[in-house]
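The values are calculated or read from the model by the stated rules, or taken from the named source; none is laboratory data. Given the structure is predicted, the values throughout are model-derived calculations rather than measurements. Ideal geometry is used to build each Cβ from the backbone, glycine not excepted, and the neighbour counts take in all protein chains shown. When the accessible area is computed, the model is the full protein with side chains, heavy atoms only, and any ligands, DNA or RNA have been set aside. Shrake-Rupley method; radii C 1.70, N 1.55, O 1.52, S 1.80 Å.
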Amino acid sequence: MLHPESELLPFTISPLPAGPWLVFAPHADDETFGMGGTLLKAREEGLDTHVVVVTDGALGGDADDLVDTRRQEIQKAGDLLGLSSLTFWDVPDREVAITNEQVEAALADIERLQARTVFFPAPLEIHPDHRATGHLVWQAIQMATDKGMEIDTIAYEIGVQNPINMCIDITAQEAAKAEVMDVYASQNSENNYPELVRALDKGRTFSLPPDVKFAEGFYRFSEQEKALVLPEVVNAIIARYLPLENNSVCRARRTT
């Protein structure tokens with residue numbers, strides 16, 4: 001037996017989680033490509049939203065002044081998104097590591113901003129900086145939880161679909177999100193990212209009501225999941241897509 005699709009995908013849209021929000025973006029643009037519509041919706045609802053840009057983005061193009069260019073782009077994008085603050089770690093591009101130093105930096109930002117909801121890249125993203133950011137933020141959230149902070153822990157998609165259990169309807173924000181994506185000219189010259197992101201947002205409406213034309217997908221972790229190390233959680237999530245243990249064919253193969 002297999003789980004029905006209703007246990008693998010959300011069939012209804014979710015309200016926005018409580019603020020303040022803290023979004024960890026491995027590179028300048030990930031916050032917009034991944035959850036720009038949701039950030040615009042948060043602006044409309046008056047939520048405080050903060051973004052940490054983890055890397056300097058130096059390898060995302062050929063311009064001599066790429067680091068400065070990307071910083072200027074996200075500052076403009078941040079104004080359009082209504083961000084309350086931007087923080088830059090300037091870790092060298094493609095060198096994000098799960099170190100005590102970077103975990104402590106994430107913890108310091110979570111505590112400084114008193115974040116009620118923390119977003120980080122979903123664990124099955126492709127880029128290593130995306131995945132590393134997710135792992136180090138996960139550890140920081142666990143440390144903050146041990147100190148008594150209550151944090152809504154949510155992973156967001158950037159470049160590929162991941163397992164999700166939460167969708168935000170961004171139909172009304174899609175046009176404004178497109179305008180913010182256009183700010184990232186240094187990246188859009190490398191690939192047609194806005195078109196690809198729009199396709200991802202459209203694809204996320206697969207299980208939603210027909211009036212939802214665009215959506216962004218997220219995975220909201222339970223309290224039980226947050227007590228585990230992230231690889232254990234990922235394995236448990238993937239296992240939901242596999243045959244259940246009472247499947248007689250699976251048992252037969254294991255015993256032959």
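Worth a mention:
- Screening V118 on (1) surrounded by fewer than 23 Cβ atoms within 10 Å (Cβ to Cβ); (2) closer than 28 Å to D182 by Cβ; (3) under 16 Å from the mean Cα position of the chain (by Cα) shows it passes everything except condition (1).
- Against the list (1) within 30 Å of D62 (Cα to Cα); (2) among the charged types (D, E, K, R); (3) at pLDDT 95 or above; (4) open to solvent by 30 Å² or more (accessible area, probe 1.4 Å), the condition D201 fails is (4).
- Residue count for segment 78-89 satisfying the condition of being more than 17 Å from W21 (Cα to Cα) and out of contact with any strand residue (DSSP E or B) (no Cβ under 9 Å at 6 or more places or on another chain): 0.
- Residues located in segment 2-37, provided they are outside any loop (DSSP other than H, G, I, E, B) and farther than 23 Å from A132 by Cβ: E5, S6, E7, G37
- Verdict on F33 being in contact with a strand residue (DSSP E or B) (Cβ under 8 Å, 6 or more places away or on another chain), open to solvent by less than 80 Å² (accessible area, probe 1.4 Å) and not hydroxyl-bearing (S, T, Y): no
- Hits in segment 58-86 - residues which are β-branched (V, I, T) and open to solvent by less than 30 Å² (accessible area, probe 1.4 Å): I74
- Hits in segment 19-58 (condition: small (G, A, S) and touching a residue at least 24 places away in the same chain (Cβ under 8 Å)): G19, A25, A28, G34, G36, G37, A42, G57, A58
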